[in-house]
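Here's the structure we're looking at; comments come further down.
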Amino acid sequence: MIERSFFCFVLLNLNIMNLKNIAQPFTENFPGDLSRNPVQRATPKVLFATIDPVGFDHPELIVFNDKLSEEIGLGQLEEKDIDFLVGNNLPENIKTYATAYAGHQFGNWAGQLGDGRAILAGEIANEKGEKTEIQWKGAGATPYSRHAGGRAVLRSSVREYLMSEAMHHLGIPTTRGLSLCFTGEKVVRDMMYSGNPQEEKGAVIIRTAESFLRFGHFELMSAQKEVGTLQKLTDFTIKNYFQNITSEGEQKYKDFFQDVCTKTADLIVEWFRVGFVHGVMNTDNMSILGLTIDYGPFSMMDEYDLNFTPNTTDLPGRRYAFGKQGQISQWNLWQLANALFPLIKDEKFLEKTLNSYGNYFWEAHDKMLCKKFGFDEMQQTDEEFFTNWQELMQELQLDYTLFFNLLEKLDNISDLKKDFQEISYGFLDETKLEKLEDFIAKYKLRLEKNTISRDESLALMKKTNPKFLLRNYLLFECIEEINNGKTDMLEKLTKALENPYEEIFSEFSVKRPSGYDDVSGCSTLSCSS
């Protein structure tokens with residue numbers, strides 16, 4: 001297992017971080033508001049506003065991702081670098097800024113939004129020339145802040161740090177967490193929007209990505225009819241992040257849009273593979289690079305339920321429920337298509353591309369399910385098989401991840417009812433048990449149609465189906481421990497999430513304990529999370 005360094009209330013003397021090479025190509029290429037004024041306001045016709053982190057007098061380091069730091073070219077941590085991790089006393093070459101974007105939230109146009117809790121340092125390149133953007137989340141107000149003065153609480157910061165790393169090790173495109181610090185301040189937050197605000201410990205997370213560009217950046221310029229800036233932004237994005245595109249003129253923008261569609265579909269299929277529910281798939285939370293971005297009221301799937309949404313703000317409509325994520329990603333791409341229309345100007349192309357999106361998505365989705373079941377290739381009867389499986393999972397309230405883990409052990413199961421009862425959140429009566437037995441019989445018959453051996457089939461399943469998921473109740477327990485000055489759970493979860501296809505800790509390979517069923521933060525959360 002990979003060894004990592006954990007920090008809580010203590011600092012280690014290592015090497016200095018390589019901050020002198022941080023550059024700001026975004027601010028060098030686009031119009032911005034240079035006033036450094038943090039007052040919330042509209043900043044029309046610009047893509048960023050310069051802003052300073054607020055500064056914190058008593059920061060304390062919780063955890064630093066030393067391996068990621070080395071990978072992106074920052075080097076190792078020295079004691080005095082704690083200032084950088086919260087945005088204090090920055091070197092003169094780092095000119096910090098927040099970006100402006102727009103978006104559709106819960107299906108409605110929200111107008112100008114922007115980095116309300118995020119402040120960017122710029123980007124750094126490693127020895128291979130690979131570039132990574134670095135930003136603080138929770139380091140103070142920007143012109144785009146709405147609540148809590150741009151601060152973040154420990155609860156949401158721990159969730160984002162750990163979950164983004166968990167997704168990375170699952171093999172899913174994502175932003176990542178570099179560090180997590182206490183700010184020494186208290187932040188008032190109404191966790192469930194219930195009219196009961198409470199003081200919580202403040203925190204700052206540094207998160208990284210190849211780029212934090214979103215659909216909303218393009219929507220903002222298009223809505224403001226800043227076509228020149230929109231074109232410049234698109235050219236910048238293609239040049240820096242879509243270097244496979246070599247076409248020119250309008251075709252270049254068509255190829256760009258097609259690539260974004262493909263990356264988006266591939267990402268959502270990966271979410272389906274592991275049972276990840278984002279919870280708030282607004283267009284401003286959609287990465288142009290097909291990354292998982294903005295970890296708020298997310299959840300990993302416990303009991304399989306296509307209608308499950310972890311976001312209390314999404315009730316009762318369940319717009320962003322697990323089973324709707326494919327359709328919502330297409331809807332979001334329609335909004336991006338509208339934004340790019342001034343550059344593409346081919347309505348038939350856009351319609352054709354978006355109308356074919358569903359076919360691509362569901363074909364990729366079914367191929368993914370084949371791997372989860374250990375099938376070497378899709379057959380005509382598999383679509384009906386998958387539908388029957390979904391109905392069975394929901395009726396029997398089976399745990400999504402543990403179900404596939406059990407299928408891998410199917411040859412050795414002697415008591416079907418006992419083993420499957422242990423992964424059900426309901427009760428398996430005789431009628432339900434008969435349905436389960438019937439399904440298992442059909443599954444075994446389907447396996448016989450494989451052209452690969454059983455060992456090869458199992459190998460396919462084991463590299464597709466994780467053994468460990470970072471469930472909300474585990475995050476809840478970890479946050480409680482960190483609040484009490486302990487890091488044992490943090491260390492344990494980090495080891496597990498770095499090896500998600502192995503069973504490192506058997507106590508994590510169980511369904512959600514019933515005691516957490518109705519605990520806020522364990523099954524459902526609000527956008528405040």
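Kindly establish whether Thr237 is among the polar types (S, T, N, Q) and either modelled with pLDDT under 95 or surrounded by 21 or more Cβ atoms within 10 Å (Cβ to Cβ) (or both).
So Thr237 fails the test.
Restricting the search to the range 94-112, which residues are within 28 Å of Pro297 (Cα to Cα), in contact with a Gly (Cβ under 8 Å, 6 or more places away or on another chain) and open to solvent by less than 20 Å² (accessible area, probe 1.4 Å)?
Thr96, Tyr97, Ala98, Thr99, Ala100, Tyr101, Ala102, Gly103
Report, ordered by the first and then the second residue, all pairs with beta carbons closer than 9 Å, sequence separation of six or more or different chains, a first member in the range 58-72 that is within 15 Å of Ile82 (Cβ to Cβ) and among the hydroxyl-bearing types (Ser, Thr, Tyr), and a second member that is outside any loop (DSSP other than H, G, I, E, B) and at pLDDT 95 or above.
Here the result reads Ser69/Leu178; Ser69/Ser179, each pair linking the range 58-72 to a residue that is outside any loop (DSSP other than H, G, I, E, B) and at pLDDT 95 or above.
Identify the residue in the range 302-323 that is assigned to a loop (DSSP other than H, G, I, E, B) and among the acidic types (Asp, Glu) and, among all such residues, is farthest from Leu474 (Cα to Cα).
So, considering only residues that are assigned to a loop (DSSP other than H, G, I, E, B) and among the acidic types (Asp, Glu), the one farthest from Leu474 (Cα to Cα) is Asp305.
Condition check ((1) in a helix (DSSP H, G or I); (2) farther than 30 Å from Gly55 by Cα) across all residues:
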position	(1), (2)
Thr208	no, no
Ser211	no, no
Leu233	yes, yes
Ile238	yes, yes
Thr246	no, yes
Glu250	yes, yes
Val260	yes, yes
Lys263	yes, yes
Leu267	yes, yes
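Within the range 137-151, identify whether any single residue is at pLDDT 95 or above, under 17 Å from the mean Cα position of the chain (by Cα) and either buried (at least 18 other Cβ atoms within 10 Å of the Cβ) or closer than 30 Å to Asp57 by Cα (or both), and answer yes or no.
Yes.
crowded, with 16+ Cβ neighbours inside 10 Å, more than 25 Å from the chain's Cα centre (by Cα), at pLDDT 95 or above and part of a loop (DSSP other than H, G, I, E, B) - does that describe any residue in the range 367-375?
Within the range 367-375 (the criterion being crowded, with 16+ Cβ neighbours inside 10 Å, more than 25 Å from the chain's Cα centre (by Cα), at pLDDT 95 or above and part of a loop (DSSP other than H, G, I, E, B)), the answer is yes, since at least one residue qualifies.
Would you confirm whether any residue within the range 330-347 is open to solvent by less than 10 Å² (accessible area, probe 1.4 Å), of a type in the set (Asp, Glu) and not in a loop (DSSP other than H, G, I, E, B)?
no
Here are the criteria: (1) outside any loop (DSSP other than H, G, I, E, B); (2) open to solvent by 10 Å² or more (accessible area, probe 1.4 Å); (3) in contact (Cβ under 8 Å) with a residue 40 or more places away in the chain. Tell me which single one Glu127 does not satisfy.
(1)
Search the range 489-513 for residues that are part of a helix (DSSP H, G or I) and pair each with any residue that is of a type in the set (Phe, Trp, Tyr) and open to solvent by less than 30 Å² (accessible area, probe 1.4 Å) when their beta-carbon atoms are under 7 Å apart and the residues are at least 6 apart or on different chains.
Ala496/Phe468; Ala496/Phe508; Leu497/Phe468; Phe508/Phe468
Within the range 364-404, restricting attention to residues that are among the aromatic types (Phe, Trp, Tyr) and in contact (Cβ under 8 Å) with a residue 40 or more places away in the chain, which residue is farthest from Lys417 (Cα to Cα)?
Phe375
Considering the range 28-57 alone, what residues qualify as being in contact (Cβ under 8 Å) with a residue 40 or more places away in the chain, basic (Lys, Arg) and touching an Asp or Glu at 6+ places or on another chain (Cβ under 8 Å)?
Lys45 - this is the single residue of the range 28-57 that is in contact (Cβ under 8 Å) with a residue 40 or more places away in the chain, basic (Lys, Arg) and touching an Asp or Glu at 6+ places or on another chain (Cβ under 8 Å).
Ile172 is checked against (1) within 15 Å of the chain's Cα centre (by Cα); (2) assigned to a loop (DSSP other than H, G, I, E, B); (3) without any contact (Cβ under 8 Å) to a residue 40 or more places away in the chain and fails just one. What number does that condition carry?
Result: Ile172 passes all but (3).
Residue by residue, here is whether (1) within 30 Å of Pro316 (Cα to Cα); (2) over 23 Å from the mean Cα position of the chain (by Cα) holds:
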position: His58; (1), (2): no, yes
position: Asn65; (1), (2): no, no
position: Pro91; (1), (2): no, yes
position: Ala102; (1), (2): yes, no
position: Ala110; (1), (2): yes, no
position: Gly116; (1), (2): yes, no
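The values are calculated or read from the model by the stated rules, or taken from the named source; none is laboratory data. Predicted model only: the values in this text are computed from it and were never measured. With ideal geometry, Cβ positions are generated from the backbone for all residues, glycine too; neighbour counts draw on all protein chains shown. For the accessible areas, the whole protein counts, side chains as well, though only heavy atoms, and no ligand, DNA or RNA atoms are used. Shrake-Rupley method; radii C 1.70, N 1.55, O 1.52, S 1.80 Å.
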